[in-house]
1. With a 1.4 Å probe and every protein chain left in place, work out the accessible area per residue of the chain in Å², rounded to a whole number.
2. Write down the percent of antiparallel bridges among all DSSP beta bridges whose residues are both part of the chain, to the nearest 5.
3. Taking the Cβ of A34 as the centre, find all other residues whose Cβ is under 13 Å away and add up their charges (Lys, Arg: +1; Asp, Glu: -1).
4. As a test question: what accessible area, to the nearest 10 Å², does K278 have when a 1.4 Å probe is rolled over all protein chains in place?
5. Amide H of Y59 versus every other amide H placed in the peptide plane: which residues, excluding those fewer than 5 positions away on the same chain, fall under 5 Å?
6. Would you mind telling me the antiparallel percentage of the DSSP bridges in region 166-312, rounded to 5?
7. Given contacts defined as C-alpha pairs under 8 Å and at least six residues apart, what's the relative contact order of region 55-148, whole-number percent?
8. Carbon and sulfur: what percent of region 198-287's accessible surface (1.4 Å probe)?
Amino acid sequence: MNTSANVSNPTSITSVTSTNAAMQQRAALRIPGAVNSPVRAFRSVGGTPYFVERGQGAYVWDVEGNRYIDYVQSYGASILGHANPRVVEAIQGQATKGTTFGATTPGEVALAEEICSRVPGAEQIRLVSSGTEATMSAIRLARGATGRSRIVKFEGNYHGHSDALLAAAGSGVAEGVVTDSHPDSAGVPGAAVADTIVMPYNVVPHLDDSVALVIVEPVAANMGLVTPEPGFLEGLRAECDRVGALLVFDEVITGFRIGVGGASQFFGITPDIWCYGKVIGGGLPVGAFAASTELMKNLAPLGPVYQAGTLSGNPLATAAGLAVLAELTSDAYGQLVNNAMRLADGLRDAFDSAGVSAVVPRFGPLVGVFFGSRTPVDYASAGESVALGIYPRFFHGMLERSVAFAPGPWEVFFPSLAHSSEDLEATIEAAFEVARGLVDD
């Protein structure tokens, strides 16, 4: 019996759609907002998104065949650039052996050993499938270990979309006063954030013994690029120690990007729990949280804190992550920093030459841009730059010149090891042209 009439034939990815606009219409029919993560949408900048068909090194190509010098790099996950040959080889090699088993694999053990060897104090690690899972699990671990419930986080720091962390500050936050938080998303009940305290970044809160943990981006890279003021991280460590709370470093972005041991090594401050993602998966879905053996023994199956995941420690992700970490030597980090310095200096020169008021912060291999004369120190001051509304014009001007930055003013730029001197020079030349256009407008 022929049943083909009852079966929907899958549409070819490329045979039907030949333009970005057509792909946007197609995506909007089946995917809310035409995106599977809101940061990919162009709502902040306007216009039609480009749809990436492939990537190689520093470049991506859209479905129309346009090539862009890419500084999104999967929001920092692709530190070696797209489709790095060694990463591709590692993934292909593992794929021929199987992609998931529901049993522990040698790759999980090897990646855990590699990460812990790079981070003094991180004695054990639990692999998960995303940064959100890592921070969510770290919070549960801290609450379980301390027997306390309250969380302190900071405005403008993004730690994933678990309910307890989608909290906004109360009215007293600008004065540094602890007030009740409220949900920062529909669908999050007030009870979910009742124990979450939101404070301004770069302000050391006064804690009490009801606080289980303080979670922080040691370098804030989800509100542009805002660096910690001298004494801020040290103050958090001291205040947590004073009341017996745990300090959690969210290094999903900074981990193994700003140095061999991440932010904790760079600043010389040891948190109680580290959270990782992005780089350690080589571009595949991954997350992890690490701590001392003493703290991690609270996790099931050893202890009472439950955490699980069918695809945690996925063989493809661990193979890719190991391939990436093998490339991240001290020399590699030196190259990353040099690339970021050249990009940041070039952008500053472009804005200065055109008379555009802008600040271009750089921290290690991370680069940001804020329009206006003020260097932000927290979410409120970063918001002042965003409110000027200049970034969308800058973004589209660069995109028209084949340079892709993130489609939103709250993100940072990620020069990778694949970006060449020629790529950086082309980017800077484009920035000079766009900066002059910003003045003309």
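1. Normalised by residue count, the accessible surface of the chain is 44 Å².
2. Counting DSSP beta bridges with both partners in the chain, the antiparallel share is about 60 percent.
3. +4
4. Around 60 Å² of this residue is reachable by solvent.
5. Those lying under 5 Å, H to H, from Y59 are D70, H82.
6. Percent antiparallel among DSSP bridges in region 166-312 is about 50.
7. Reported relative contact order: 16 percent.
8. 52
The values are calculated or read from the model by the stated rules, or taken from the named source; none is laboratory data. In this text the structure is predicted, and so the values were computed from the model without any measurement. Neighbour counts are summed over all protein chains in view; Cβ atoms, including those assigned to glycine, are modelled from backbone coordinates with ideal geometry. Ligands, DNA and RNA are excluded from the accessible area calculation, which covers all protein heavy atoms including side chains. Shrake-Rupley method; radii C 1.70, N 1.55, O 1.52, S 1.80 Å.
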